[in-house]
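Below is one structure; the comments refer to it alone.
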Amino acid sequence: MHSTAYCTTLLLLGLFSLFLFLIHRKGKFFGMDHAAEAQRTDLMTITRHVLNEQSKHPEAHGDFTILLNHIVLGCKFVCNAVQKAGLAKLLGLAGVTNVQGEAQKKLDVLANEVFVKALISSGRTCILASEENEEAIVVEPLKRGRYCVVFDPLDGSSNIDCSVSVGTIFGIFMAKDKENPTLDDVLQSGKNLLAAGYCLYGSSCMLVLSTGNGVNGFTLDPSIGEFILTHPDIKVPSKGKIYSTNEGNAKYWDEPTAKYVESCKFPKDGSLPKSLRYIGSMVADVHRTLLYGGIFLYPADKKSPNGKLRVLYEVLPMSYVMEQAGGQAFTGNQRALELLPTKIHDRSPIFLGSYDDIEEIKALYAATEATKAHNAQD
């Protein structure tokens with residue numbers, strides 16, 4: 001009996017010693033790597049990044065930082081809603097159409113409300129323009145700030161029901177007079193953008209932002225609810241191996257676009273053909289182009305002679321990001337950022353991506369114009 005008690009005691013002492021040993025080894029057996037947890041507090045969050053940028057401008061009052069924080073909050077909320085969409089019955093149509101004549105999804109409506117409320121509550125905006133609203137929203141005087149925000153709350157929403165990546169696109173302008181905001185405050189060219197970016201809701205939630213000093217990518221860490229800098233100083237490759245377009249519209253394309261896509265598939269210089277990748281969600285397609293290089297194109301065609309993508313909510317912000325990353329953006333006639341919209345829902349063709357790839361499409365359009373001019377003289 002004493003022998004049994006003695007063995008039990010030795011066993012308990014052995015287990016206790018093993019427990020102390022594991023604790024001494026930083027608790028890895030139990031998933032408690034305290035050094036690693038401490039390291040996580042030294043991560044570069046998007047808030048910390050923006051504050052660092054703010055410190056470079058002694059005249060800054062923090063208004064811009066506050067506005068960006070409210071945009072980030074909206075992105076977190078929409079990300080959560082997208083992930084729960086099926087369970088929360090947010091899929092399907094809401095029973096109305098937006099100003100573009102498109103059937104609105106339930107999640108479209110929710111995302112729009114989220115960003116409108118987040119931006120107004122920041123107290124730093126005076127006028128907003130959303131793809132989902134027919135008119136610009138003028139903020140009431142007591143909540144006005146000096147910034148104008150243009151945004152597509154949920155780009156690619158036609159893909160929601162089949163769980164394809166969707167996203168939010170935004171651009172920020174400075175108002176001329178915050179006390180008397182007008183439509184002209186949002187109808188500015190892309191050259192006047194102070195910042196632009198997008199948030200991709202996919203296998204991970206990633207926010208890509210440029211404040212005019214390069215492009216940085218932040219990935220949402222669900223465990224701490226923060227966007228962490230994971231892709232610093234993004235640079236698009238000068239030339240890519242991917243082209244992204246809806247070839248279902250090929251029979252409606254103009255000659256330069258048709259020639260370019262033909263050269264992608266059947267290059268005459270002996271190089272390998274480019275790969276076609278097209279999701280149908282601009283945020284997802286442009287994000288891939290930004291990271292891997294290549295070209296995203298949504299040209300004008302016989303069905304949509306003025307193009308299909310919206311200047312304020314899609315073309316200008318994405319062109320700004322692409323240029324900040326070292327790429328180019330072209331409309332078929334001019335640099336995309338030089339576009340000056342006359343209405344908040346104006347549309348435009350767009351070609352954006354790697355610098356050298358855009359040079360090729362620009363050369364094709366220039367050659368076509370030269371041929372037209374020559375024929376006109378004859």
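SER304 sits with roughly 30 Å² accessible to a 1.4 Å probe, with DNA, RNA and ligands left out of the calculation.
In terms of accessible area, using a 1.4 Å probe and ignoring ligands and nucleic acids, ASP356, ASP63, ASP233 rank largest first as ASP233, ASP356, ASP63.
Counting only protein heavy atoms and using a 1.4 Å probe, the accessible area of HIS345 comes to about 40 Å². Per residue, the convex hull spanned by the Cα atoms of segment 298-370 amounts to 83 cubic angstrom.
Seen from all directions on average, segment 46-231 presents a Cα convex hull projection of 10.9 nm². Which of the three applies to segment 123-188, rounded, prolate or oblate, going by the alpha-carbon gyration tensor with a ≥ b ≥ c and a/c under 1.5 meaning rounded? Prolate, since a/c reaches 1.5 and a/b exceeds b/c. Put GLU360, GLU262, GLU135 in order of accessible area, highest first, and with a 1.4 Å probe you get GLU135, GLU262, GLU360.
GLU226 sits with roughly 60 Å² accessible to a 1.4 Å probe, with DNA, RNA and ligands left out of the calculation.
Around PHE173, under 11 Å between beta carbons, what's the net of Lys plus Arg minus Asp minus Glu among the other residues?
Taking every other residue near PHE173 into account, the sum is +1.
Out of all Cα-Cα pairs in segment 242-372, roughly what percent, to the nearest whole number, are more than 24 Å apart? It works out to 21 percent of all Cα pairs. Taking a Cβ cut-off of under 13 Å around CYS75, the surrounding Lys, Arg, Asp and Glu residues balance to a net charge of -2, with basic ones at +1 and acidic ones at -1. Summing charges over neighbours of GLY214, with a neighbour being any other residue whose Cβ is under 10 Å away from its Cβ, gives 0 when K and R count +1 and D and E count -1.
The values are calculated or read from the model by the stated rules, or taken from the named source; none is laboratory data. Every value quoted in this text rests on a predicted model; they were computed, and no experiment measured them. Please note: Cβ atoms are built from the backbone with ideal geometry, for glycine as well, and neighbour counts cover all protein chains shown. For the accessible areas, the whole protein counts, side chains as well, though only heavy atoms, and no ligand, DNA or RNA atoms are used. Shrake-Rupley method; radii C 1.70, N 1.55, O 1.52, S 1.80 Å.
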